[in-house]
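Derivation of every value follows stated rules applied to the coordinates shown; laboratory data play no part. Keep in mind it's a predicted model, so treat the numbers as computed, not measured. Counting neighbours? That spans all protein chains shown, and the Cβs are built from the backbone with ideal geometry, glycine included.
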C-alpha cells in the first residue's frame, strides 16, 4: 500500500475508535437518576481521560499524514508516528487495566446484582466496552502498517554525500613489501 494511503488509514481507524469511545462516554454518563456509585464516577473519569489522549493521538497522526505527502519528510513522519505509538500504547494499557480488567468487570457484575436499577447500565456499559475492542485492534494494526510502510520507504531512499576532498590510495602491506624487495634485488 502507498505511504500516504497507509497513514490515511491510520486516521480513519482512529476516527472509528473515537466514535466507539464517544458512545462509551455517553453510556457511562447515563447512570440511573438520584443514585451515585463511585465505580461509575471512576469509569467516567477513565473514559474522559482516554478521550483526551485519543484527541492528542489524532492530532499527531494528522501531522504524520501531512509529513508523508509530497515532498515526504520521513524523519518528521517517524517522529510523529513514534508519539502516536507511545500515546496509543498508554491508552491501550489504560483500557486493559481500568476498563476490561477482571476486577473491573467483576465489580460491574456485583453492582448489577446488588442494585437492580443499575443492571441495564452495567449491561450497556459492558457492551460498550466490547464495541471498543474492534476499533482498538484496527488502530493497532494501522499503526503497525504505518511503521512497515515507513520502514520500506526509508530503505528505498538513497542519500549520497561526498565529503572527501582529494584521493588517498593505499596498497596492502604484503604487496608493498614485495615491491620493495624487487627493487632492492
Cα-Cα pairs in segment 1-57 separated by more than 17 Å, as a whole percent of all pairs, come to 48 percent
Take residue 4, project a point 7 Å from its Cα along the Cβ direction, then tell me which residues of segment 60-86 have their backbone nitrogen under 16 Å from it.
-> 62-74, 77
Residue 12 to residue 130: extension gain in nm, 0.36 nm per residue of separation minus the Cα-Cα distance?
-> 40.5 nm
Residue 73/residue 103 FRET efficiency (R0 35 Å; Cβ-Cβ; nearest 0.05) | 0.20
Segment 1-156: proportion of alpha-carbon pairs further apart than 27 angstrom, % | 33 percent
Express in whole angstrom the spacing between the alpha-carbon centres of segment 118-133 and segment 1-35.
-> 15 Å
On the formula 1/(1 + (r/R0)^6), with r taken between the Cβ atoms of residue 113 and residue 49 and R0 of 25 Å, the FRET efficiency rounded to 0.05 is 0.35
Using 7 Å Cα-to-Cβ label points, what is the residue 56/residue 153 separation (nm, one decimal)?
-> 2.5 nm
